[in-house]
1. Specify the angular offset, from 0 to 90 degrees and rounded to the nearest 10, of the alpha carbon long axis of helix A:146-159 from the longest principal axis of the alpha carbons in chain A.
2. Using just the Cα positions, wrap the stretch B:1-138 in a convex hull and report its mean projected area in square nanometres, one decimal place.
3. Please compute the modelled spin-label separation between residue B:173 and residue A:42, points set 7 Å along Cα→Cβ, answer in nm with one decimal.
4. Looking only at other chains, what is the average number of their beta-carbon atoms within 10 angstrom of each beta-carbon in A:100-110?
5. Along Cα→Cβ, 7 Å out, is where each label goes; now give me the distance between the ones at residue A:192 and residue B:397 in nm to one decimal.
6. Can you tell me the alpha carbon radius of gyration of the stretch A:4-226 divided by the globular rule-of-thumb value 2.2 N^0.38 Å?
7. Using the Kirkwood radius over Cα pairs, work out the Stokes-Einstein diffusion coefficient for chain B at 25 °C and 0.890 mPa s, in µm²/s as a whole number.
8. Given all pairs of different Cα atoms, what value in angstroms does the Kirkwood hydrodynamic radius of the protein assembly as shown take?
């Protein structure tokens, strides 16, 4: 059974005078352990698609089933709980809590999950060491480079032990070296832990590293290619 | 960790937080001092007035205050004076037998008030000895009178002269006596100065044919803020057909003027606190509006809105309470200084105080409830301003916040 099943997904925004169809009847499935890039030009619906899978936005039509659970059936705090325990998020602008250290940022997700203090501190330390930031545990985001901040964001996304990680343009704000390092890290985590990564990008380097590339244009899937 | 996050969040913008703290700090200092001076002055005025004659409380027969008749007297032996004296905050008890009679000397007759007292007990309650301007103070076994200066002048009385007393005694009998003048006392209030005659209680009970009976027991306490407490305790120690009346019942004009003045003070405070509320509110609005995206991220990664509200509430409480507590600490030395060095005032107001025999000073109160109330008010302001984050975060949609 597919980990994520997207069926006839349509999203229409009514915020302007003319309704905008951001997603148009998208149907796609993702298996456990995939390393998939969602690509397409700006405005093609990549971020909307990730937001839908992540339960951050509601479809106008169609449905999303994650591990047998219909996201539409989850409301309010149940949906928040679901995101907390099942999905890891990595954002383009890192979006770490600026007043927390790297260690505390990673620990915070586990605090929300109710993990005991000792355990969450140990796990946060291990994750930061795994992303190569063992010597930056107590640095705040402002004291880290963009690449380092995005590594903390990846560690934070993995801290909740999610079923899959959604990354929205994770390399967009990084230089080449940092982007390569981050891709190495995500690839390594994908292979080592069979962690599912779905990321939106229009970065050619990222697309080249993805094992599956789903191309969106004008809100519709125009290509879905898997390489070995 | 949530409180840790709140604490660190408020220091993201140090200048803004310090400005918000300063506004609360100075407002609380001002409010505490205003309130301390106002309540301190009331307490001083009430204390001085109670010392004059009435005391803070009086034990009476239930009908006495309305009828002022000797028929509505109480039995001295029905009161346990030793237990009454032991009630916390009670400074003294003055048993009295009061009656209005005709007073004559030579060809002149006036109406006066005879007050039978236990001289030493009375002095503890009203400092009567300090009003003596000629002659000697009464002893318990004397058969003599202290006459107020105005009355003595009207009757042409001097020390050693005999005052004729003629009136109605208990059960409609006749009270008549001849009392030598042992001392002259002076009151700054004309009504009192023209009417008061003090005699020993035993003598009064003999004259009015009321052995072992009293019309009232005046009670002096240390501070007005203990009035309710003492009144309740005293009420439990007296027979059920007696009652305890307090100074607001005995002196309604004073009570009303204090209430009126207090309302104007409260209005000033309310204005001050509205200013504080807007200061804190402005800070909160800015703190929220610049973190919309961050809130969106936190909700997206799985933070419940209620937890986000806890963090935001922590920020408001930190700013409000730090401001309030430092304000209270800042106000303490000022209040304590002026409590021991009252501000003396002059002019027309001072003259009206002098006329009442009260020293014209602004006393400061060190009542801890003044300080606690300010902290409480600031906390309530924090609660009120919290309505904005509740409204804002409740409506926040993570996908829109992420796009902001």
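Coordinate-derived values only; no laboratory data. Remember, predicted model here, so these are calculated numbers, not experimental data. Note that each Cβ is placed from the backbone with ideal geometry, even for glycine, and that neighbours are counted across all protein chains shown.
1. 80 degrees
2. Values: hull surface 68.6 nm².
If I average the Cα hull's projected area over directions, I get 17.1 nm².
3. 11.2 nm
4. Working: counts 4, 0, 0, 0, 4, 0, 0, 1, 7, 4, 0.
Going residue by residue through A:100-110 and averaging, the value is 2.
5. In this crude spin-label approximation the distance works out to 3.9 nm.
6. Values: Rg = 17.3 Å, N = 223, 2.2 N^0.38 = 17.2 Å.
In units of the globular-protein estimate, the stretch A:4-226 measures up at 1.00.
7. The estimated diffusion coefficient comes to 97 µm²/s.
8. Values: mean 1/r = 0.0317 Å⁻¹.
It works out to 31.5 Å.
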